[in-house]
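Asker: Got a structure for you, questions after.
Coordinate-derived values only; no laboratory data. As the structure is a computational prediction, the values presented were derived from the model and not from experiment. No Cβ is skipped: glycine too gets one built from the backbone with ideal geometry, and neighbour counts run over all protein chains shown.
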Amino acid sequence: MGYTTFFTIEFSSQEDKIKKYSNKLLKTDKKNFYWNDDNYAEWYSYEEDISRVSKKFPDTLITVYGQGEKYDADAECFDIWVQYFKGGMATEVHQAKIKIEYDSFDEDELGQID
């Protein structure tokens with residue numbers, strides 16, 4: 001079992017044309033698999049695949065959001081990122097910098113539970 005990521009993909013234009021082309025390119029057995037609301041996938045080739053799509057539609061900005069399944073304890077953050085594609089090229093992955101902090105224990109807040 002591999003690492004699963006939740007993908008969300010946005011297009012600045014030509015969304016219907018891109019989806020139709022991409023389904024053929026990716027040879028998916030599920031119609032619109034990457035374009036629906038259940039985008040959990042082990043999609044290790046997403047960068048190459050989206051780069052190929054963006055090369056075919058060079059004027060369209062394609063934004064890929066990813067949310068991994070794990071919390072990275074070493075980095076003290078979640079695996080949440082965004083990457084931009086246009087004209088067959090891509091930016092580096094931009095990691096979200098999210099850190100969860102809780103209030104310290106305060107004994108004055110203790111009370112009976114009914």
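Asker: Can you tell me which of 64-70, 102-108 comes out highest on packing, and rank the rest after it, using the mean Cβ neighbours within 10 Å?
Answerer: By packing density, highest mean first, the sequence is 64-70, 102-108.
Asker: Just to be sure I understand the model, the point goes 7 Å from the Cα along the line to the Cβ. What's the resulting D79 to Y21 distance in nm?
Answerer: 3.0 nm
Asker: For the pair I100/F6, report the inter-label distance in nm, with labels modelled 7 Å from Cα in the Cβ direction.
Answerer: 1.3 nm
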